[in-house]
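J.: Just passing along the structure, written as structure tokens.
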Amino acid sequence: MTASERPASERNVEKIVRGQATSDGAGVKLTRVIGTNRLPDLDPFLMLDEFGSDDPQAYLAGFPDHPHRGFETVTYMLAGRMRHGDNKGNVGLLEPGSVQWMTAGRGIVHSEMPEQEEGLMRGFQLWVNLPARDKMCAPRYQDIPPAAIPVFEPGDGNRIKIIAGRYAGIAGPVSAVATEPLYLDVHLVPQTELAIPVAADHSGFVYVYEGVAVAGDKPLAKGELGVLGSGNRLTLRTGDEPARLLVVAGKRLGEPVAKYGPFVMNTQAELHQAVADFRAGRF
């Protein structure tokens, strides 16, 4: 029996987590949802931050030059403009609806700075681990403008933006990622039900950023993340109000993780080498 022929088994929420207020970069205020003592990680996901403020003092300092090695960063902008640059001469602009999927690989030094002095800045950054075989690969970027992200509209008012993976036979623009991710931005109207296939060997979560939605067997309010249990299908429902949420899943790596700030390797020896390489200017 192939995977497509197996009967669907529902994924329920086995843990609900609310993020913690913190700051990063040069003082940008944000909410950390994955990467706290409540949820240190969710293989292969290492961190999830939500940033959102219309107070310039909360974001203007931005994220000046900082290094990364051994994992991927995924920035998804809902509102505002952010300018990216790195020590290899790459530059790019993140605007509302755009995505940058950066594979740091063996090392990059980059910055993300606001290109606005007022107005709302809102979005998410997700950290995705790389398998040991890919941790020292060449860095690369997938800069995806809003127009390149397909939107599936089934005709009932619901909208599903497909950033990575597949839904309803439509593939997202992110490619060649080892963890075979699913990354959907789901907009649900009131009194609706939507089923989403999720690979059985993937870890997954739902993060509600507007409204209230039921994921599997549990309601999630705005600002709550639901860690998904086993199964191969997620059912989402809404009541009397609409909801907006992220559905994210990725193939588990099952490898040891050694973390130190912006470096994520498999052993302490590899971490020490990463720090030495950065200090020696070898990124």
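The values are calculated or read from the model by the stated rules, or taken from the named source; none is laboratory data. Just so it is clear, the model here is predicted, and its values are computed rather than measured. Glycine also receives a Cβ, built like all others from the backbone with ideal geometry; neighbour counts cover every protein chain displayed. What goes into the accessible areas is simple: the full protein's heavy atoms, side chains included, and nothing from ligands, DNA or RNA. Shrake-Rupley method; radii C 1.70, N 1.55, O 1.52, S 1.80 Å.
J.: Looking only at Asn232, Asn12, Asn37, which one moves most when the chain is put into a Gaussian network model with springs between Cα atoms under 10 Å?
T.: So, out of Asn232, Asn12, Asn37, the one fluctuating most is Asn37.
J.: Decide, for the stretch 16-77, between rounded, prolate and oblate: order the square roots of the alpha carbon gyration tensor eigenvalues as a ≥ b ≥ c, take rounded if a/c falls under 1.5, and otherwise choose prolate if a/b is larger than b/c, else oblate. Don't skip to the end; give the middle numbers.
T.: On the way: a/c = 2.15, a/b = 1.28, b/c = 1.68.
Here the stretch 16-77 falls in the oblate category.
J.: Same structure again: Distance from the Cα centre of the stretch 220-280 to that of the stretch 150-167, in angstrom?
T.: Value for the Cα centre distance between the two parts: 22 Å.
J.: Rounded to the nearest 20 Debye, what is the dipole magnitude of the stretch 120-225 about its Cα centre when Lys and Arg each give +1 and Asp and Glu each give -1 at the C-beta?
T.: Working: 9 positive and 11 negative charges, 69 e Å.
Magnitude of the dipole: close to 340 debye.
J.: With N denoting the number of residues in the stretch 216-283, provide Rg(C-alpha) divided by 2.2 N^0.38 Å, to two decimal places. Don't skip to the end; give the middle numbers.
T.: Details: Rg = 19.4 Å, N = 68, 2.2 N^0.38 = 10.9 Å.
Against the empirical 2.2 N^0.38 Å value, I get 1.78 for the stretch 216-283.
J.: Moving on. Taking square-rooted eigenvalues a ≥ b ≥ c of the alpha carbon gyration tensor, is the stretch 36-106 rounded, prolate or oblate, where a/c under 1.5 means rounded and, failing that, a/b exceeding b/c means prolate?
T.: Working: a/c = 1.70, a/b = 1.11, b/c = 1.52.
It comes out oblate by the Cα gyration axes.
J.: Turning to a different aspect of this structure: Placing +1 on the Cβ of each Lys and Arg and -1 on the Cβ of each Asp and Glu in the chain, which of Gly281, Asn90, Leu39 has its Cα farthest towards the positive end of the resulting dipole?
T.: Farthest towards the positive end: Gly281.
J.: I'd like the carbon and sulfur percentage of the solvent accessible area for the chain, probe radius 1.4 Å, heavy atoms only, ligands and nucleic acids excluded. Could the numbers behind the result be given before it?
T.: Details: 6210 of 12320 Å².
Reported share for carbon and sulfur atoms: 50 percent.
J.: Summing Lys, Arg as +1 and Asp, Glu as -1, what charge do residues with Cβ under 11 Å from the Cβ of Arg282 carry, Arg282 excluded?
T.: Values: positive: Arg69, Arg106, Arg279; negative: Asp277.
Overall, the nearby charge balance is +2.
J.: Taking all protein chains together and a probe of 1.4 Å, list Ile16, Ile160 from the most accessible to the least accessible. Could the numbers behind the result be given before it?
T.: On the way: Ile16 75, Ile160 0 Å².
Output order, biggest surface exposure first: Ile16, Ile160.
J.: OK, next. Below 15 angstrom from the Cβ of Pro64, what's the summed charge of the other residues (Lys, Arg +1; Asp, Glu -1)?
T.: Values: positive: Arg83; negative: Asp24, Asp65, Asp86, Glu112, Glu115.
Computed value for this residue: -4.
J.: For the chain, what is the calculated [θ] at 222 nm in deg cm²/dmol (nearest 500), taking -39500 (n - 2.57) for each run of four or more DSSP H residues and dividing by its residue count? Don't skip to the answer; put the middle values down first.
T.: Values: 1 runs with 12 residues, N = 283.
So the helix-based figure for the chain works out to -1500 deg cm²/dmol.
J.: In whole Å, how far is the Cα centre of the stretch 6-55 from that of the stretch 85-130?
T.: Each part reduced to its Cα centre gives a spacing of 18 Å.
J.: To continue, here is another question. Whose amide H sits under 5 Å from the amide H of Leu78, counting only residues 5 or more places off or on another chain, with H placed in the peptide plane?
T.: HN-HN under 5 Å from Leu78: Gly97, Arg122, Gly123, Phe124.
J.: Summing +1 for each Lys or Arg and -1 for each Asp or Glu, what net charge is found among the other residues whose Cβ lies under 15 Å from the Cβ of Val212?
T.: Once positives and negatives cancel, what remains is -1.
J.: Follow-up. Could you give the dipole magnitude of the chain about its Cα centre, charging the beta-carbon of Lys and Arg +1 and that of Asp and Glu -1, in debye to the nearest 20?
T.: Here the chain has a charge dipole of around 700 debye.
J.: Along Cα→Cβ, 7 Å out, is where each label goes; now give me the distance between the ones at Ala8 and Asp201 in nm to one decimal.
T.: Placing both labels 7 Å along Cα→Cβ, they lie 2.3 nm apart.
J.: Further question on the same structure: Would you check the chain for Lys pairs whose C-alpha atoms are within less than 17 Å, ignoring same-chain pairs closer than 8 in sequence, and give me the count?
T.: Values: Lys15/Lys218; Lys15/Lys222; Lys135/Lys251; Lys135/Lys259.
So the count of such lysine pairs works out to 4.
J.: Take Asn87 and Thr22, extend 7 Å from each Cα along the Cα→Cβ direction, and tell me the distance between the two endpoints in nm.
T.: Taking the simple label geometry, Asn87 and Thr22 are separated by 2.4 nm.
J.: Taking the dipole about the Cα centre of the stretch 116-173, with the C-beta of Lys and Arg at +1 and of Asp and Glu at -1, give me whichever of Tyr141, Phe152, Pro131 is farthest to the positive side.
T.: Of the listed residues, the answer is Pro131.
J.: Then there is this: Using 1/(1 + (r/R0)^6) with R0 = 35 angstrom and r between the beta carbons of Lys218 and Ala280, what's the FRET efficiency to the nearest 0.05? Working shown, then result.
T.: On the way: r = 49 Å, r/R0 = 1.40.
Calculated transfer efficiency: 0.10.
J.: While we're here: Please state the relative contact order of the stretch 119-274 as a whole percent: Cα pairs under 8 Å, 6+ residues apart?
T.: Details: 294 pairs, mean separation 32.8, N = 156.
About 21 percent, as a whole number.
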